[in-house]
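Working notes for the structure below.
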Amino acid sequence: MQTTGHGPATTQLASSLVQDAEAAPLPRHRLPDSGTGGEVAHDLITNELFLDGSARLNLATFVTTWMPPHGAALMAETADKNMIDKDEYPQTAEMERRCVNILGDLWHAPGGADATGTSTTGSSEAAMLGGMALKWRWRERRRAAGLSTDQPNLVMGVNVQVCWDKFCRYWDVEPRLVPMEGDRFHLDAEQAAAHCDENTIGVVAILGSTFDGSYEPVAEIADALDALAAGGGPDVPMHVDAASGGFVAPFVQPELVWDFQLPRVQSINASGHKYGLVYPGVGWALWRDAAALPDDLVFKVNYLGGSMPTFALNFSRPGSEVVAQYFMFLSLGRDGFTAVQQSSSAVARHIASDVAAMGPYRAITDGSELPVLAFALKPEVTGYTVFDVSDRLRERGWLVPAYTFPENRTDLSVLRVVVRAGMTRDMADLFLADLRKQTEVLEQCGAGPRPAGEGQAFRH
Ligand SMILES: Cc1ncc(COP(=O)(O)O)c(C=O)c1O
């Protein structure tokens, strides 16, 4: 029998093109009475997510936007593992240990193959743990000496990432922020020592400032704190926030001394999901030895009938993140990590030199520390701003943040490009071509007025 235009075959075709659920608005406020089924829900959600920017064109984030397919597959295969169930998933727990040891070795922890540390959800959680250990140890020392523990402070540059403001607020510590001054955009040794007193729980030095990718002079800061203690002043420990630099410096600047080689450095955090090359969210916190991590911060959970120490803010969290970190270590090895990070570094320096040659821009950083470059417009450029450049790049899909520096340098607004694995030389050249074209348009036509207050602060 032949079917006509309105027969069963057409109906079947139509129903596979237009599902009832697709014709209705998606639930926004309450659980729908009946579900769409998995296939339709998958389509609907995938469609909606097209409105997100393309992760690969996101030059704003430090976080991994590309992983090798085997690594991504392994993450999907292990999505059911809970990191905290160490007795049920002992091999995942074992991989966490191996990662901590590998990082301990990379960062020269004195304990050799038995490093003290943990995985976290990211550098923010790792920073909370590092900060708590500093506070607890300071309090122990003060109590033992019969001194007050009412007014702890933490010394750091104003350029710290917001996680350190959070740490101070959540744990009742005064954030002692050293302001920027002239062309000094991060903490230096002199200012670090000058801001310390008997209530300072520690100094945070950043290996890879979020604002511009520059490294703070960790070794110089350590020397200045050594001199302060030797001169009868307070003996202040250091934490290094190596959120990005912890996975870059060992491969791009192997001679740089910034880690546990400096006895003053008590703890280090890094983001596995940044230059550790894993999708979000995994981070790492390591202490120079067991003595640097106060016992009463560590909880014991049952592990294979034994007892497993844990120090974390969360309980359940994905085990797949840790599996993926171990995968990256295993699959790339030292050679592979060196090749990947050096390639990002070369691409960043290439972009920086071409941007500088365009004319209207001046470099703040050039990609020679983190593979990150920040650039401003020269003072003589008055017809448009970095915010206009950022807007115009977005029209082509490139997400490049423009933001103003903090107090003391609020006159300075920059654009920042973060180069990560997956940003090839070819993509860099496409980006440069678009930046050149949009800059020429702005040079010729200027920019229209901007809505007041738009595009000012930027904190990641
Ligand atoms: C220096 C620094 N510290 C901490 C963080 C917070 O890291 P996470 O996103 O892993 O929590 C960032 C994020 O960009 C950072 O750049």
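Using +1 on the beta carbon of Lys and Arg, -1 on that of Asp and Glu, and nothing else charged, what's the dipole of the chain about the Cα centre, debye to 20?
That gives a dipole near 160 debye.
Spin-label model, A357/F299: points 7 Å from Cα along the beta carbon direction are separated by 5.7 nm. Where the accessible area of the range 327-460 is counted over protein heavy atoms with a 1.4 Å probe, how much of it, in %, is carbon and sulfur? Accessible surface attributable to carbon and sulfur in the range 327-460 totals 51 percent.
Where the centroid of each part is defined by its Cα atoms, how far is the range 154-187 from the range 54-129 in Å? Comparing the Cα centres of the range 154-187 and the range 54-129, I get a distance of 26 Å.
Per residue, the range 155-209 exposes 38 Å² of solvent-accessible protein surface, assessed with a 1.4 angstrom probe and all protein chains in place.
The overall shape of the range 35-82 is oblate: from the C-alpha gyration tensor, with semi-axes ordered a ≥ b ≥ c, the ratio a/c is 1.5 or greater and a/b is no larger than b/c. Dipole of the chain computed with +1 at Lys/Arg Cβ and -1 at Asp/Glu Cβ about the Cα centre; of A76, Q325, Y215, farthest Cα towards the positive end is A76. Compared with the dominant principal axis of the Cα atoms in the chain, helix 123-144 is inclined by about 20°. Using θ = phi - 60° in the Karplus curve 6.51 cos²θ - 1.76 cosθ + 1.60, the 3J(HN,Hα) couplings for the range 202-209 round to x, 10, 9, 10, 10, 9, x, 5 Hz; x is entered for Gly and Pro. Under 5 Å between amide hydrogens, built in the peptide plane, is the criterion, and for G202 it picks out V155 among residues at least 5 positions away or on other chains. Taking amide H positions as modeled 1.01 Å from N, with prolines and chain starts lacking one, the residues under 5 Å from V282 and 5 or more places away or on another chain are G272, H273. Taken per residue, the accessible surface of the range 241-396 reaches 39 Å², heavy atoms only and a 1.4 Å probe. Restricting attention to the chain, lysine pairs at least eight places apart or on different chains and with alpha-carbon atoms under 23 angstrom apart total 7.
For the range 15-99, with all protein chains in place and a probe radius of 1.4 Å, 57% of the accessible heavy-atom surface sits on carbon or sulfur. Dividing the convex hull volume of the alpha carbon atoms of the chain by its residue count gives 219 Å³ per residue.
The values are calculated or read from the model by the stated rules, or taken from the named source; none is laboratory data. A quick note: this is a predicted structure, and the numbers were derived from the prediction, not measured. Virtual Cβ from ideal backbone geometry, glycine too; neighbours counted across all protein chains shown. In case anyone asks, the SASA skips ligands and DNA or RNA and just uses the protein heavy atoms, side chains included. Shrake-Rupley method; radii C 1.70, N 1.55, O 1.52, S 1.80 Å.
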